[in-house]
Amino acid sequence: MTNKPFARALAAALLGAALTGAAMPGPALADIKDYEFQLLKNEVKLGDAVLDVRLVDKRSGKPVPDAVIFAKRIDMAPDSMEEMTSKIEQLPSPEPGMYRFKTKLTMAGGWRLSLGAKVQGETGTVENKLVLQAVK
């Protein structure tokens, strides 16, 4: 009979720990700011161009596959001509974590590639503006 109060106290302590999350710490959650797009080449030939971009987890440096890119735009904002845009089309990925785009760079100079993507398992949107040079 002396075990009953102890058993009740133990059950109450375990229930309290479970309700507060202290019993089992969860996995460390990533922040959407832990991801970024990186251009593989900062200089591209003028005209028809293929742009390769890698999405990486900045904490580990590893590529992030299977992101859903829902926003893409290319313009000449670095040369103060944001209204100068070009069509951009996503191509099949050549390898996990790499994303490929086809565009036409009609003028030499600075171009800005703006991307928005969702990473599986994360809340929020990865958004980056990458600058490249179109050269003759």
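Residues whose amide H lies under 5 Å from that of LEU130, counting only those 5 or more places away or on a different chain, are LEU113, SER114, LEU115; hydrogens are built 1.01 Å from N in the peptide plane. A simple charge model with +1 on the Cβ of Lys and Arg, -1 on the Cβ of Asp and Glu and nothing else charged puts the dipole of segment 32-135 at about 120 debye relative to its Cα centre. Close amide-amide hydrogen proximity is noted between MET84 and MET76, each under 5 Å apart and 5 or more residues distant or on a separate chain (H modeled in the peptide plane; Pro and chain starts excluded). First check a/c for segment 32-135, with a ≥ b ≥ c the square roots of the eigenvalues of its C-alpha gyration tensor; if it is under 1.5, answer rounded, and if not, answer prolate when a/b is larger than b/c or oblate otherwise. The shape class here is prolate. When only Cα pairs below 8 angstrom with a gap of at least 6 residues are kept, segment 32-135 shows a relative contact order of 33 percent. Pairs exceeding a 25 Å alpha-carbon distance, out of LYS45/LYS129; LYS33/LYS104; LYS33/LYS72; LYS62/LYS104: LYS33/LYS104; LYS62/LYS104.
3J(HN,Hα) along segment 79-85: 9, 6, 10, 4, 6, 7, 10 Hz, from the Karplus curve 6.51 cos²θ - 1.76 cosθ + 1.60 with θ = phi - 60°, whole Hz, x for Gly and Pro.
Since every read-out is calculated from the coordinates, none of them should be taken as a lab result. Please read these numbers as outputs of a predicted model, since none were measured by experiment. Ideal geometry is used to build each Cβ from the backbone, glycine not excepted, and the neighbour counts take in all protein chains shown.
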